[in-house]
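Shown next, in structure tokens, is the structure this report addresses.
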Amino acid sequence: MARRGATIEIHGAVQGVGFRPFVYRLAAEIGLDGWVRNDARGVFIEVDGSAADIDSFVDRLRSELPDIAAIEEFELAWSEPRGHDGFAIMHSESSAGATALILPDLATCDACMADVRDHTNRRHRYPFTNCTNCGPRYSIIRSLPYDRPNTTMVSFTMCGECHVEYGEPTDRRFHAQPIACPSCGPTVEWIAGGDRVLGVGSIEAAATAVRSGAIVAIKGLGGYQLVVDATDVEAVARLRTRKQRPTKPFAVMVADAAGAADAIELDDDALAALGSPAAPIVISDRRIDAPITRGVAPGNPTLGVMLPTTPLHHLLLEAVGRPVVATSGNLTDEPICIDDREAMQRLGVIADGFLRHDRPIQRHVDDSVVRRIDGSMRSLRRARGYAPLPIALTRVTRPILAVGAHLKNTVAVTVGRNAFVSQHIGDLATEEADRAFRSAIDDLTAMYDVEPSIVAHDLHPGYRSTEYAVDPTRWKDAIRLGVQHHHAHLASCLADNEFEGPALGVTWDGTGFGPDGTIWGGEFLLGDAKAFDRVGHLAAFGLPGGEAAVREPRRVAASLLSAAGVSLESVTPGTGSFTDTELGIVTTMLDRGFNTPTTTSAGRLFDGVAAILGLTDINTFEGEAAIALEHVAAPTGDTYPVEIRSNVAQVVDWRPMITAILADVAAGVSAEVVSGRFHATLAEAIVRVAERVGHPTVALTGGCFQNRLLTESAANRLRGRGFVVLLHRRVPANDGGISLGQIAVAAAQ
Ligand code: ZN
Ligand code: ZN
Ligand code: FE
């Protein structure tokens with residue numbers, strides 16, 4: 001049979017996933033000659049063989065591809081045979097045009113854990129065991145292509161045995177860049193006070209400390225974590241005191257799926273997410289008999305649970321024998337710590353001991369968070385396991401850099417039709433966060449070789465992200481594009497759904513800079529990525545004291561009451577914690593409009609109602625009051641009255657609702673019932689506005705739609721009236737999704 005030649009070029013998530021050994025085995029099995037190699041752009045294959053054999057090779061390449069690989073582009077070019085003899089795996093070449101995808105860090109696979117548990121295996125109890133199907137990726141990459149010298153493993157010289165595995169195409173560790181073993185790889189150590197233990201004994205020492213109530217800092221995949229016994233009331237309380245985090249929920253790490261099932265209600269999707277290579281924190285309803293102290297998530301009916309993500313975590317959890325709190329190693333809202341010396345300094349005041357190792361972490365990657373809302377697992381925080389996999393845009397765009405907003409910041413760049421959204425960076429309120437923000441931009445632009453022609457940013461002039469974007473000393477050739485915050489939310493939700501639009505965007509959150517100089521946040525925007533009309537919004541109210549009203553829901557309560565025409569002196573719930581002097585000042589501010597910016601924020605409306613019900617007077621973390629209101633709610637179909645006025649836009653006047661809530665409170669109706677009615681009222685108000693606007697597709701986006709009850713009530717009511725509903729899935733509805741929205745808006749200009 002006549003021999004033919006073929007060249008195959010593959011782009012996608014094909015590096016560091018065992019793709020080349022897979023190609024090698026397939027070619028050897030079919031009997032083709034040629035080679036496979038990686039470069040910064042993707043995987044290249046040349047084969048010689050019969051046309052039929054090459055056809056079957058191509059078919060099987062596509063159908064038998066390794067689990068975690070994802071092909072984005074596949075090009076086949078036939079040619080004359082090139083005279084290859086045998087099949088080889090060639091070394092990577094670096095070349096221009098980096099488009100190969102960087103893989104996220106992947107949780108340890110079952111085969112590697114079997115090695116770790118096998119007494120006869122040379123990796124028995126070795127905490128850095130990995131293979132081409134699992135282990136660190138994004139957190140160790142310094143540059144592309146993804147090869148060992150370009151990772152933080154460069155300083156570990158492979159031993160003879162590892163070298164053989166690394167070079168053997170049929171081995172699970174063939175070209176596994178972080179390959180390591182006890183004789184050549186990173187070493188774990190335990191440091192506490194004057195004690196220092198090296199090697200496997202260090203995990204036992206750390207476990208003993210955790211069991212006796214100590215706070216232990218662990219160097220994880222993408223940064224330091226703080227761990228305490230989740231069954232120990234006092235240890236959890238001590239962690240809260242030292243971390244200055246009075247009430248914000250902690251996540252829990254359990255040893256295995258059975259441990260997760262003891263802690264939270266698990267359905268098949270939640271179980272699949274927990275056990276996936278991304279291994280995110282899964283939020284679900286806490287089981288009444290969960291063996292976890294209430295202080296882990298005070299007053300919270302849900303719990304965030306994850307499984308061990310590295311052999312180090314597996315071994316520790318097994319040795320502790322109980323669920324542990326596993327929270328980011330940082331002070332309050334700083335980014336997770338990655339540098340060893342910095343960790344000793346910053347976490348030294350919190351942790352009683354350190355379980356650490358000598359493999360450097362190149363960049364911080366927090367744990368991701370997902371929750372089932374409206375029938376699907378949805379991202380609330382996108383980081384480890386997901387970032388920086390791309391979100392495909394509907395068309396090829398110019399190179400764009402988007403710097404996100406302020407809270408829950410992420411940044412993003414585009415290459416072709418891919419948007420690469422960074423890992424969760426956090427609130428840009430500290431120097432550390434600012435540094436993490438800048439390095440995330442440097443990382444993505446360097447790794448993907450992006451020289452942006454547009455830099456997109458929020459309209460808020462005071463955000464650090466905006467200050468960075470408009471600084472004329474950088475990105476000198478790029479156009480600046482200010483994107484309205486809620487327009488970015490709408491565009492993000494459309495992009496997440498690969499829907500061009502237009503849609504009615506119900507964009508509800510805490511704060512966004514409005515072009516009219518007021519603070520937006522309860523918006524109905526009709527449009528697409530290109531343009532929007534503000535077709536509706538909540539009736540505006542004052543925020544006495546501005547930022548102070550964001551921290552103190554009781555100030556918002558005072559504002560809502562005064563708007564509803566209620567004398568503040570006569571009402572105690574919510575405003576009862578004010579001293580007479582404070583109440584006097586707030587009243588004066590509201591009466592005179594002094595230091596009282598105007599807002600249409602839905603998030604603040606939640607805050608105010610939570611305070612009226614006496615749930616939260618003062619927030620200790622962002623969203624606390626609104627979350628408390630969601631958690632207390634007894635779901636119901638009953639609604640309060642609201643009035644919808646048509647002016648230039650549909651204005652949802654919530655004052656009749658406040659009056660009705662006060663009547664309920666006075667009649668002794670419980671907070672559970674009032675909150676249930678409040679949620680139903682807002683869901684119904686959304687439907688009424690949607691019906692007046694009359695557009696068939698409605699996108700629910702913005703931080704308020706992390707609220708499961710609000711989202712599900714609104715989505716169900718909308719569908720019941722014939723609307724198509726779009727919700728976020730891969731990127732968060734909160735400001736973590738803003739950078740993607742800014743990309744979409746910039747791409748549409
Ligand atoms: Zn593995
Ligand atoms: Zn070795
Ligand atoms: Fe927002």
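Give the angle, between 0 and 90 degrees and rounded to the nearest 10, that separates the Cα long axis of helix 200-211 from the longest principal axis of the Cα atoms of the chain. Tilt relative to the chain: about 20 degrees.
The angle between the Cα long axis of helix 738-748 and the longest principal axis of the Cα atoms of the chain comes to about 80 degrees, rounded to the nearest 10. Between amide H atoms placed 1.01 Å from N, distances below 5 Å from G512 occur with W520, all of them 5 or more places distant or on a separate chain.
Global size of the chain: 27.3, 96 Å for Rg and Dmax (C-alpha atoms, Rg to one decimal, Dmax whole). Label zone of R721 (point 7 Å out along Cα→Cβ, amide N under 19 Å): in region 620-642 this covers 636-642.
Rank A478, M113, G12 by how far each Cα sits towards the positive end of the charge dipole of the chain (+1 on Lys, Arg Cβ; -1 on Asp, Glu Cβ) and give me just the farthest. Looking along the dipole axis, the top candidate is A478. Extent along the principal axes, Cα only, for region 451-573: 60, 35, 22 Å, with the longest axis given first. Helical runs assigned H by DSSP (4 residues or longer) give the chain a calculated mean residue ellipticity at 222 nm of -9500 deg cm²/dmol, each run adding -39500 (n - 2.57) before division by the residue total. Peptide packing: for 101-109, 395-403, the average count of neighbouring Cβ atoms within 10 Å per residue gives the ranking 101-109, 395-403, highest mean first.
Taking 27 Å as the straight-line reach from the Cα of K219, the lysines in range (excluding those fewer than 8 positions away in the same chain) are K243, K248, K408. Based on Cα contacts under 8 Å between residues 6+ apart, the chain shows a relative contact order of 11 percent. Residue by residue, region 520-532 carries 3J(HN,Hα) couplings of 8, x, x, 9, 10, 10, 9, x, 9, 5, 7, 7, 8 Hz when phi is fed to the Karplus relation 6.51 cos²θ - 1.76 cosθ + 1.60 (θ = phi - 60°); x denotes Gly or Pro. Positive contributions from Lys and Arg (+1) and negative ones from Asp and Glu (-1), summed over other residues with Cβ under 12 Å from the Cβ of V188, come out at +2. Given in Å, the Rg to one decimal and the Dmax to the nearest whole number for the Cα atoms of region 573-615 are 11.5, 28. No disulfide-compatible partner, judged by a Cβ distance under 4.7 Å, exists for the following cysteines of the chain: C112, C131, C162, C181, C337, C493, C704.
Among beta bridges identified by DSSP and lying wholly in the chain, the antiparallel ones come to about 75 percent.
The Q345 and R438 beta-carbon pair, evaluated with R₀ = 30 Å, returns a calculated FRET efficiency of approximately 0.90.
With R₀ set to 30 Å, the beta-carbon distance separating R417 from T598 gives a calculated FRET efficiency near 0.15. Helix 671-693 versus the longest principal axis of the chain: what angle, 0 to 90°, nearest 10, using Cα atoms? Taking the Cα atoms of the chain, the angle to 671-693 is about 80 degrees.
For the pair E582 and A319, label points projected 7 Å from Cα toward Cβ lie 4.7 nm apart. Applied to region 609-624, the Karplus parametrisation 6.51 cos²θ - 1.76 cosθ + 1.60 on θ = phi - 60° returns per-residue 3J(HN,Hα) values of 5, 4, 6, 4, 7, x, 7, 9, 7, 9, 6, 9, 8, 4, x, 4 Hz, with x for Gly and Pro.
Around the amide H of I264, modelled in the peptide plane, lie the amide H atoms of R287, all under 5 Å away and 5 or more residues distant in sequence or on another chain. Between the amide H of L380 and those of V369, V370, R371, distances stay under 5 Å, these residues lying 5 or more places away or on another chain, with hydrogens modeled in the peptide plane. Of the peptides 506-512, 273-279, the order by per-residue mean of other Cβ atoms within 10 Å, starting with the highest, comes out as 506-512, 273-279.
Any read-out appearing in this document is the output of simple, stated calculations on the displayed coordinates, not a laboratory observation. Keep in mind that what you see is a predicted model, and the values were worked out from it rather than measured. FYI the Cβ positions are ideal-geometry reconstructions off the backbone, even for glycines, and counts take in every protein chain you see.
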